[in-house]
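Read the figures in this text as sums done on the coordinates, not as results from a lab. Every value quoted in this text rests on a predicted model; they were computed, and no experiment measured them. All Cβ positions, glycine included, derive from the backbone under ideal geometry; neighbour counts span all protein chains shown.
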Amino acid sequence: MNTLLNHADWLIKASYFAAAFLFIFGLKRMSSPKTARGGILWAGAGMALATLVTFLYPGMHNYVLMLVAIISSSILAWYSGRKVAMTAMPQMVALYNGMGGGAAAAIAAVELFKGGAHDSIFMALGVTGGLIGAVSFSGSLIAFAKLQGLIKRAWRFPGQQVVNLLCLLAAVALGGLLVGGQLTGFGGITAFFIAALLFGILMAVPIGGADMPVVISLFNALTGLAVAFEGFVLNNAAMIIAGTVVGAAGTLLTQLMARAMNRSIGNVLFSGFGDTGAAGDAQGEITGSLKPIEASDVAVMLAYAEKVIVVPGYGLAVAQAQHKVWELCQKLVERGVKVKFAIHPVAGRMPGHMNVLLAEAGVPYDLIFDLDEINNDFSTADAALVIGANDVVNPDARSRKDSPIYGMPILNVDQAKNAIVIKRGQGRGFSGIENALFYADNTRMLYGDAQDAVGKLIQGLKEL
Amino acid sequence: MIDGFIALYIFMLAAFTGYEVIARVPVILHTPLMSGSNFVHGIVLVGAMVVLGQADGVLEQTIGFIGVFLAAGNAVGGYVVTERMLEMFRTSGTKTKNKAEPAP
């Protein structure tokens, strides 16, 4: 019997080791476009292996409950993950991430209710992991609700940051008392988790839609950290390694995203974009006028261009126009036009989100270029086609010091010979400021839903 | 039991590994990678299973059940979403060639 247990123990440890290797190997492969597809398969194999051997863990019961939970949840997650539209991916990541944070908090909760057996260091790690996990859980759910459109507005009130700070301090203090042993029992543990959950909500509620990707990424890193801490408590090396890797990778990813918007993480968390945007209203000293253009004229312009750069933005994602846009571009390529796609780091709802949408439509990724790679190309392009992008092509970010988006790197669409802007109406972009590009002499406005407008362009090309 | 300092070493090395893996990744892969790392912390499932497996009493079992439920959603959902995103990364040589045939 003892040797059997030892065999199981050895098998579990070896499998966790293999899983940790597969996770890191998989993530490494996911960081290059050529090998990315295989990466998730390796990581998935690691996950399956680790989960299966965990059933052999000695001294367990409640197998029925366990299977019911795993199977029901897996079916729901599989179904929702398969069915969701590509444009809704960011909020699904937020939702699944929140679930992971909740699971880490649940582990901490059970350990706390069991009580006693641990020394204070493990107790402190467990409580910290529980705190972070709970914050990530409630915060991610708010992020999900906002991106899904269930919560429409950023919610701000005077003294909000003081309230947030007090809430965090309360959660930390309650956690400290739990570790110290002054606070015990159902009431104390519940109060601790309520404070932590409340802080997560308060933290996410004032953040506007455009900043959500950064916040989701931050919550992702936090969940990783929470998992690692609970891994220390459970003495589980796979959890420690996977959680820490994600915590570090997620932190770096969050920094990269914030930097792409020329903002610090603190700036994203503690100051709403709208606060500075409102002040920008005063500036309306833009010269020139909006010059509309017909789709048929645009079709001619594109057909006889040598080089066209397409700049997709959030409007394209909303209108689900990625397939039409690629159809248009294929028609242009057939005519010998050089077509490139220029992606701003924060185009769409998440860095890389636009790439995913274009890839869905079948656009090969070697036609897609980052800001740094393509920005010098605009001056030699005959036409730049801006589809539902606004702030990321606003030249004010380069030239007007008083603009709220001053300093944000932008795509130099204004340097192209002609700029065509497809836009739903004359409204302003997310930041609520005027866009000088739209008033420039070489800019023409094509009003309409991105999908319809591009459809008309395709029609126009066919008639040539 | 993993010795305290060994655990600290593991923590440090894993943190550097995570940082290095992401350090030179192109913007195009940011969202898939965030999604992929979201999947990887689904490993919390094994911890939740162990905790539920050793839970006694209705309270512990309920929380343990919730933990396993949430963790499995993280792992499975994270995998499906990441796989769907990455499915789309192809070079112009492969699939698009067939797709580029003009419709008659």
* To do: Provide the FRET efficiency to the nearest 0.05 for the B:Glu87-A:Arg259 pair, computing r from the beta carbons and using R0 = 25 Å.
  => 0.30
* To do: Taking the Cα centre of the protein assembly as shown as origin, sum charge times position over the Cβ atoms of Lys and Arg (+1) and Asp and Glu (-1), and report the length of that vector in debye to the nearest 20.
  => 800 debye
* Structure fact -> In chain A, taking the dipole from +1 charges on Lys and Arg beta carbons and -1 charges on Asp and Glu beta carbons about the Cα centre, the listed residue (A:Thr443, A:Pro312, A:Asn376) farthest towards the positive end is A:Pro312
* Could you name the lysines whose alpha carbon sits less than 28 Å from that of A:Lys456, not counting residues in the same chain fewer than 8 places away? => A:Lys291, A:Lys307, A:Lys324, A:Lys331, A:Lys338, A:Lys340, A:Lys417, A:Lys423, B:Lys95, B:Lys97, B:Lys99
* Structure fact -> Under the rule rounded for a/c under 1.5, else prolate if a/b exceeds b/c, else oblate, using alpha carbon gyration tensor axes a ≥ b ≥ c, the stretch A:158-273 is classed as oblate
* To do: In whole angstrom, note down how far apart the Cα centers of the stretch A:148-184 and the stretch B:1-50 are.
  => 26 Å
* Per residue of chain A, what 222 nm ellipticity follows from adding -39500 (n - 2.57) for every DSSP H run with n ≥ 4, rounded to the nearest 500? -> -20000 deg cm²/dmol
* Full-extension gain in nm, A:Glu463 to A:Lys338, via 0.36 nm per residue minus C-alpha separation -> 43.0 nm
* Which whole-Hz couplings ³J(HN,Hα) result when phi for each residue of the stretch B:38-55 is put into the Karplus expression 6.51 cos²θ - 1.76 cosθ + 1.60, θ = phi - 60°, listed in order with x for Gly and Pro? -> 4, 5, 4, 6, x, 4, 4, 4, 5, x, 4, 5, 4, 5, 5, x, 10, 7
* Asked: How far apart, in nm, are the 7 Å Cα→Cβ label points at B:Asp56 and A:Ser296?
  -> 8.4 nm
* What value does the stretch A:1-146 have for Rg/Rh, both radii from Cα atoms and Rh as Kirkwood defines it? -> 1.00
* Could you run the Karplus curve 6.51 cos²θ - 1.76 cosθ + 1.60 with θ = phi - 60° over the stretch A:174-180 and give me ³J(HN,Hα) per residue in whole Hz, x for Gly and Pro? => 4, x, x, 5, 5, 5, x
* For the pair A:Thr184 and A:Ile121, how long in nm is the line joining their label points, each one 7 Å along Cα→Cβ? -> 2.4 nm
* Structure fact -> With a ≥ b ≥ c from the Cα gyration tensor eigenvalues, square-rooted, and the rule rounded for a/c under 1.5, otherwise prolate when a/b > b/c and oblate otherwise, the stretch A:285-357 is oblate
* To do: Please label the shape of the stretch A:199-256 as rounded, prolate or oblate, based on the square roots a ≥ b ≥ c of the eigenvalues of the alpha-carbon gyration tensor (a/c under 1.5 means rounded; beyond that, a/b larger than b/c means prolate, else oblate).
  => oblate
* To do: Take each of the peptides A:7-17, A:383-393, A:23-33, average the number of other beta-carbon atoms within 10 Å over its residues, and list them starting from the highest.
  => A:383-393, A:23-33, A:7-17
* Asked: What net charge is computed for the residues neighbouring B:Met49, neighbours being all others with C-beta under 15 Å from the C-beta of B:Met49, Lys and Arg scored +1, Asp and Glu -1?
  -> -3
* **Net dipole in debye of the stretch A:7-162 [+1 Lys, Arg Cβ; -1 Asp, Glu Cβ; about Cα centre; nearest 20]** => 840 debye
* **the protein assembly as shown: translational diffusion in µm²/s, Stokes-Einstein, Kirkwood Rh over Cα pairs, 37 °C, 0.692 mPa s** => 133 µm²/s
* Asked: What FRET efficiency do you get for A:Lys34 and B:Phe16 if R0 is 35 Å and r is their Cβ-Cβ distance, rounded to the nearest 0.05?
  -> 0.90
* Structure fact -> Applied in sequence order to the stretch A:373-382, the curve 6.51 cos²θ - 1.76 cosθ + 1.60 (Karplus, θ = phi - 60°) yields integer Hz couplings, x standing for Gly and Pro, of 6, 10, 4, 7, 6, 4, 5, 9, 8, 6
* To do: Return the lysines within reach of A:Lys13: Cα separation strictly under 18 angstrom, same-chain partners fewer than 8 residues apart disregarded; answer none if there are no such residues.
  => none
* To do: Report the FRET efficiency, 1/(1 + (r/R0)^6), for A:Ala191 and A:Asn376, where r is their Cβ-Cβ distance and R0 is 45 Å, rounded to 0.05.
  => 0.20
* Asked: What does the charge dipole of the stretch A:99-232 about its Cα centre add up to, to the nearest 20 debye, if the Cβ of each Lys and Arg holds +1 and the Cβ of each Asp and Glu holds -1?
  -> 480 debye
* Structure fact -> The long-range amide H neighbours of A:Val386, using H built 1.01 Å from N in the peptide plane and a cut-off of under 5 Å, are A:Val311, A:Ile420, A:Val421, A:Ile422
* **Furthest towards positive pole of dipole, A:Ser15, A:Trp155, A:Leu5, structure part chain A, Cβ charges** => A:Leu5
